[in-house]
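Below: one structure, written as structure tokens.
The values are calculated or read from the model by the stated rules, or taken from the named source; none is laboratory data. Quantities reported herein were computed from a predicted structural model and do not represent experimental measurements. Here Cβ is always computed from backbone atoms with ideal geometry, including for glycine, and neighbour counts include all displayed protein chains. Accessible surface is based on the protein model in full, side chains and every heavy atom, while ligands, DNA and RNA are left aside. Shrake-Rupley method; radii C 1.70, N 1.55, O 1.52, S 1.80 Å.
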Amino acid sequence: MGSQEVEFFPCKNDLSYEPKPMTMEKALPIIDGTWFEEEIDDYLKWSFALKSVLHKGKSEYQEIALLDTKHFGKEVVDFCRKHLIANHEAFRNKKLNLVINDAKGELEEREEKFDIIVGDLADPVEGGPCYQLYTKSFYENILKPKLNDNGVFVCYSGWASRDFTHKEVFSSIYNTIKQVFKHVHAYTTHVPSFADTWGWVVASDQPLCLDAEKTDKKIAERIEGELLYLNGSSFVSSTILNKTVSLTLKNETHVYTEEDARFIHGHGIN
């Protein structure tokens, strides 16, 4: 892979993006036995055996490492187009309109409404700007008005482990979304590449289908071919939380605001 110019779009505190040119390095060959180490928490590190480093650099706001790992493979939009065969059809689909911009600004400026909005956001870390997209005011005043009457909102919501990590932001985001939507469900799954259990929240003002048979029927009606992971039973089972996490979500009183935010482990850059 030769050297080429690309643009990165860092997230600023005012939630606007300013392109910053960076030069991609050539893929660096890796000798067997080389590992990449990432700190997950103060007392937890996650190591990856490497095939090669496709890119390593630093933007104004973050360190960037694109790795071809022996277990999990490769990430990132431009590289997905080129290297991940399973994504080729998705990127060629005429229904896809890929916009790399500030999500808050896009929602504020667009006039159309949506059936589904998925908030697959960066973690709400202290010093970073993305925590503002987890607040009640954002859900209530910006996001919800852009949903159709039967629209659905799905939000990544942080760690959801049985230990105390699920109290960092997961329970607060869940409780905050409950203040805005009539029907709200939390669900979790283990993500091997992130070495933990993670949580999401799905919400709507209309009742949500949590019936395995009905979900399988909807999948069969709307999707050509076979899904590799999801079916009705697996989705319904993901909404059944263990006792510790269930009680925390049930008893949570904190509402996420700009003035009273909670943060996941890590620090952004002001």
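Screening residue 106 on (1) touching a residue at least 40 places away in the same chain (Cβ under 8 Å); (2) charged (D, E, K, R); (3) open to solvent by less than 60 Å² (accessible area, probe 1.4 Å) shows it passes everything except condition (1). Within the stretch 147-166, the set of residues being of a type in the set (Lys, Arg) and either in contact with a Phe, Trp or Tyr (Cβ under 8 Å, 6 or more places away or on another chain) or buried (at least 19 other Cβ atoms within 10 Å of the Cβ) (or both) is empty. Would you call residue 111 open to solvent by less than 60 Å² (accessible area, probe 1.4 Å) and either in contact (Cβ under 8 Å) with a residue 60 or more places away in the chain or of a type outside the set (A, V, I, L, M, F, W, C) (or both)? Judged against the criteria, residue 111 is not a match. Candidates 157, 237: the one that is farther than 30 Å from residue 106 by Cα and not charged (D, E, K, R) is 237. Reported count of residues in the stretch 127-173, each being more than 21 Å from residue 206 (Cα to Cα), in a strand (DSSP E or B) and of a type in the set (Asp, Glu), is 0.
Does residue 96 meet the test of being open to solvent by less than 20 Å² (accessible area, probe 1.4 Å) and either among the hydrophobic types (A, V, I, L, M, F, W, C) or farther than 27 Å from residue 253 by Cβ (or both)?
No, not satisfied.
In summary, residue 70 fulfils each of the numbered conditions (1) open to solvent by less than 30 Å² (accessible area, probe 1.4 Å); (2) at pLDDT below 90 with the single exception of condition (1).
Right, residue 126: open to solvent by 60 Å² or more (accessible area, probe 1.4 Å), modelled with pLDDT under 95 and under 19 Å from the mean Cα position of the chain (by Cα) or not?
Details: open to solvent by 60 Å² or more (accessible area, probe 1.4 Å): yes; modelled with pLDDT under 95: yes; under 19 Å from the mean Cα position of the chain (by Cα): yes.
For residue 126, the condition - open to solvent by 60 Å² or more (accessible area, probe 1.4 Å), modelled with pLDDT under 95 and under 19 Å from the mean Cα position of the chain (by Cα) - is met.
Residues that are outside any strand (DSSP E or B), open to solvent by 10 Å² or more (accessible area, probe 1.4 Å) and not charged (D, E, K, R) were ranked within the stretch 176-193; the one that is farthest from residue 107 (Cα to Cα) is 192.
Suppose the filter is within 19 Å of the chain's Cα centre (by Cα), in contact (Cβ under 8 Å) with a residue 12 or more places away in the chain, over 19 Å from residue 261 (Cβ atoms) and surrounded by 16 or more Cβ atoms within 10 Å (Cβ to Cβ); does residue 117 pass it?
On the way: within 19 Å of the chain's Cα centre (by Cα): yes; in contact (Cβ under 8 Å) with a residue 12 or more places away in the chain: yes; over 19 Å from residue 261 (Cβ atoms): yes; surrounded by 16 or more Cβ atoms within 10 Å (Cβ to Cβ): yes.
Against the criterion (within 19 Å of the chain's Cα centre (by Cα), in contact (Cβ under 8 Å) with a residue 12 or more places away in the chain, over 19 Å from residue 261 (Cβ atoms) and surrounded by 16 or more Cβ atoms within 10 Å (Cβ to Cβ)), residue 117 qualifies.
For the stretch 209-243, what are the residues that are surrounded by 14 or more Cβ atoms within 10 Å (Cβ to Cβ) and either of a type in the set (Gly, Ala, Ser) or in contact with a His (Cβ under 8 Å, 6 or more places away or on another chain) (or both)? Listed by number, the residues that qualify are 210, 212, 232, 238, 239.
Does the stretch 17-34 contain at least one residue that is open to solvent by 30 Å² or more (accessible area, probe 1.4 Å), closer than 30 Å to residue 164 by Cα, modelled with pLDDT under 70 and not in a strand (DSSP E or B)? Within the stretch 17-34, none of the residues are open to solvent by 30 Å² or more (accessible area, probe 1.4 Å), closer than 30 Å to residue 164 by Cα, modelled with pLDDT under 70 and not in a strand (DSSP E or B).
Checking 173, 142 one by one, the residue that is surrounded by 14 or more Cβ atoms within 10 Å (Cβ to Cβ), of a type outside the set (Asp, Glu) and within 15 Å of the chain's Cα centre (by Cα) is 173 and no other.
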